[in-house]
Structures are given as structure tokens and as C-alpha cells.
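Q: Can you keep this structure in mind? I'll have questions shortly.
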Amino acid sequence: MRIDIVTIFPDYLAALDLSLVGKARRAGLLDLRVHDLRDWTRDRHRTVDDTPFGGGAGMVMRPDVWGSALDDLLVPAGTASGGGARLVIPTPSGEVFTQRHAEALAGEGHLVIACGRYEGIDARVAEHYRGAGHRVSELSIGDYVLNGGEVAALVMVEAVGRLLPGVVGNPESLVEESHGAAGLLEYPVYTKPPSWQEHEVPEVLLSGHHARIDRWRRDRALERTAQRRPDLLSALDAGDLDAHDRAVLADAGWEVVAGPGDGGSGGASHESRPAVVRRGVAE
Ligand code: SAM
């Protein structure tokens with residue numbers, strides 16, 4: 001995979017030489033290039049911003065400078081490269097970046113990440129490249145405002161990079177993680193020593209009994225998700241929950257109820273799927 005990151009602070013991205021992403025770069029699994037946006041300016045002061053039309057505080061990044069950079073880095077849509085790169089624009093006004101986005105981006109051959117600063121990038125940049133047939137994703141890493149897109153780019157490269165084949169040593173470790181296919185948070189994890197500051201590792205994890213360990217882990221994952229991220233429970237496919245799962249959820253205050261279409265026309269539409277709801281919410 002190739003990733004180009006464009007920024008006015010290339011040094012900010014030095015962390016991408018470290019750890020698993022750095023190793024992936026050195027192993028040739030990830031071709032990651034960081035560019036200074038000012039290299040595409042034409043004036044003596046290497047200006048990338050100007051005052052906002054309509055007035056107001058702050059400065060806005062100029063579309064002409066971004067256009068020069070992106071024209072060079074995005075392979076024109078519809079060429080032999082299969083439609084070109086995906087342009088990713090980090091912005092707090094974007095769709096919230098989740099593990100599903102990371103998985104989708106990991107399937108791309110080439111990403112170009114455009115890091116904004118000041119009040120952001122002139123809106124015509126996203127509009128122009130979308131109109132030209134490029135795939136453009138405006139993504140937020142959460143409901144807060146950062147000073148620039150560099151930290152968001154680090155987050156996205158880290159989340160995407162670890163999904164690339166060969167980057168994480170043992171791919172098994174990706175399977176049961178939080179936000180994975182099960183739709184649950186991960187269970188609590190422990191290592192040696194078995195006793196620390198009078199806190200003991202749960203007995204079952206020392207038992208060597210794999211079926212009991214799997215069950216214990218799933219129970220804890222269900223409980224933890226109910227406590228910390230109830231929004232994830234509502235998104236579960238209740239058809240995947242066995243009787244034991246349902247009992248654990250019931251103890252945590254959740255129940256599985258018939259979907260809105262159940263008992264109606266008998267159709268198999270997604271609307272008739274059973275749903276996981278907080279007890280007492282369904283009438
Ligand atoms: N005026 C913008 C707004 O209110 O939506 C905020 C601009 S912010 C100060 C400058 C840059 O930081 C943005 O262009 C974007 O690149 C980045 N940024 C800030 N918060 C972000 C977030 N939550 N997710 C992704 N990028 C963010």
C-alpha cells in the first residue's frame with residue numbers, strides 16, 4: 001500500500017518511523033511518503049492560507065496550493081491504476097472514523113491524506129476532486145477540535161497500517177479485539193505475576209480449560225460493552241447471541257425482543273430481526 005501525507009509540518013509525522021508502522025515501512029509493506037505542502041507554493045513567503053470570504057476569525061487554506069499538490073499526488077481517475085488514489089481529508093466536520101473505515105481504507109492501494117491547519121481547507125478542494133471522479137473521504141477522529149490534521153493522519157495510518165498483511169506479527173491478535181466482527185469491546189487481559197498488590201488473576205484463566213476460558217472472556221466482553229458502550233449492544237445482531245449470552249445481558253439490564261416486523265407479514269426483511277434493547281424500553 002502507498003500512503004502520501006501532505007502537511008505544513010512534515011516533522012510532526014516523524015513518529016511514523018517508529019514501532020510497527022516504521023517496521024512495515026522498512027520491510028516494504030507500506031510505502032509512506034510525507035510531503036511539505038509549501039513545496040507547491042509559488043510566492044516568496046511560501047503562503048498556504050488567506051483570509052476567509054464572508055469575514056470571521058482565522059485563516060483558510062488556499063485551494064490553488066492544495067490543487068497543485070493533489071494534482072501531482074492523485075493519479076488521475078479512470079487511468080490504468082484503477083481509478084486512482086482515495087483522497088482522505090481529516091476534518092472535525094467529517095463522518096466519524098471507525099474500525100469499519102480502517103478496514104475499508106486498508107483495502108485501498110493508495111491513499112493521499114491532506115492535513116488541514118487554521119480554519120481548514122477551502123471547501124472547493126473536496127468538491128473539485130469529487131467532481132473529477134476521485135473518491136474523497138472527509139473523516140473526523142472524534143467530536144473535538146484539534147489544531148491540525150497531522151494527529152488525525154497518525155491515528156488513521158496506525159489503525160489502517162496494523163490491518164495490512166504482515167504488519168502485526170500474529171494476525172490472531174486482531175481477531176478478538178474491541179470493535180471487531182463480534183461488535184463487542186474486548187474482555188480484560190492479564191499477564192504475570194498471577195498475584196499483584198493483592199489483586200489476583202481470575203482463577204479460570206489459570207485453569208488451562210479452553211472452553212471455560214472462551215466462555216468467561218465472552219461474558220466479560222458482553223458485560224463490559226453493556227457498561228461502557230451500550231450503543232454497541234443496540235447494533236448487535238441478536239441472532240448471533242446464544243442463551244448464555246442473553247442471560248449475561250439480562251443480568252446487565254438488556255434483553256432481546258422481537259423486531260418491529262416480527263409476527264407481521266412473515267417477511268424476512270432486516271426490519272424483522274430481533275433487537276437488543278435496554279430492559280423496559282420495549283413495550
Ligand atoms: N474550523 C474547523 C471546524 O470548526 O470544523 C476546524 C479546523 S481545525 C482548527 C484545523 C484542522 O485540524 C482541520 O482542517 C483538520 O485537518 C484538523 N482537525 C481538527 N479536528 C479534527 C478532528 N476531530 N478530526 C480530524 N481532523 C481534525
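The values are calculated or read from the model by the stated rules, or taken from the named source; none is laboratory data. Predicted model only: the values in this text are computed from it and were never measured. Note: ideal-geometry Cβ built from the backbone for every residue, glycine included; neighbour counts use all protein chains shown. Areas reflect the complete protein model, heavy atoms only, side chains present, ligands, DNA and RNA absent. Shrake-Rupley method; radii C 1.70, N 1.55, O 1.52, S 1.80 Å.
Q: Any idea which of 70, 20 is surrounded by 13 or more Cβ atoms within 10 Å (Cβ to Cβ) and farther than 17 Å from residue 125 by Cα?
A: 20
Q: Here's another thing I want to ask about it. Say whether the condition of being more than 13 Å from the ligand (Cβ to nearest atom) and part of a helix (DSSP H, G or I) is met by at least one residue in the stretch 189-203.
A: yes
Q: When you scan the stretch 164-177, how many residues do you find that are touching a residue at least 60 places away in the same chain (Cβ under 8 Å) and either of a type in the set (Val, Ile, Thr) or open to solvent by less than 50 Å² (accessible area, probe 1.4 Å) (or both)?
A: Final tally of qualifying residues: 3.
Q: Where in the stretch 56-168 are there helices (runs of 4 or more DSSP H), lying fully within it, with 2 or more residues that are of a type in the set (Asp, Glu) and either more than 9 Å from the ligand (Cβ to nearest atom) or more than 19 Å from residue 3 (Cβ to Cβ) (or both)?
A: 63-73
Q: Return the residue satisfying two criteria in turn: it lies in the stretch 221-244 and is more than 24 Å from the chain's Cα centre (by Cα) and at pLDDT 95 or above, and of such residues it is nearest to residue 98 (Cα to Cα).
A: Applying the filter and picking the extreme gives 241.
Q: Can you run down the residue pairs with Cβ atoms below 7 Å, 6 or more apart or on separate chains, where the first is in the stretch 50-65 and on the phi > 0 side of the Ramachandran plot and the partner is within 10 Å of the ligand (Cβ to nearest atom)?
A: Note: pairs meeting the criteria are 58/52; 58/118; 58/119.
Q: Now for a different question. Mind listing whichever residues of the stretch 190-231 are surrounded by 10 or more Cβ atoms within 10 Å (Cβ to Cβ), closer than 22 Å to residue 177 by Cβ and free of Cβ contacts under 8 Å to residues at least 12 places away in the same chain?
A: Correct list: 201, 212, 213, 214.
Q: Please go through the stretch 168-212 and pick out each residue that is under 23 Å from residue 225 (Cβ atoms) and of a type in the set (Phe, Trp, Tyr).
A: Correct list: 187, 190.
Q: Under 9 Å between Cβ atoms, at least 6 apart or on separate chains: pull out the pairs that start in the stretch 124-153 with a residue that is closer than 25 Å to residue 16 by Cβ and end on any residue that is basic (Lys, Arg) and more than 7 Å from the ligand (Cβ to nearest atom).
A: If the second residue must be basic (Lys, Arg) and more than 7 Å from the ligand (Cβ to nearest atom), the pairs left are 129/135; 134/86; 135/86; 136/86; 136/130; 137/86.
Q: Does at least one position in the stretch 96-115 carry a residue that is of a type in the set (Lys, Arg) and free of Cβ contacts under 8 Å to residues at least 12 places away in the same chain?
A: Taking every residue of the stretch 96-115 in turn, at least one turns out to be of a type in the set (Lys, Arg) and free of Cβ contacts under 8 Å to residues at least 12 places away in the same chain.
Q: If you don't mind, another one. Scanning the stretch 162-208 for residues that are among the β-branched types (Val, Ile, Thr) and at pLDDT below 95, which turns out nearest to residue 21 (Cα to Cα)?
A: The extreme case among them is 167.
Q: Could you identify the single residue in 25, 46 that is surrounded by 14 or more Cβ atoms within 10 Å (Cβ to Cβ), among the basic types (Lys, Arg) and part of a helix (DSSP H, G or I)?
A: 25
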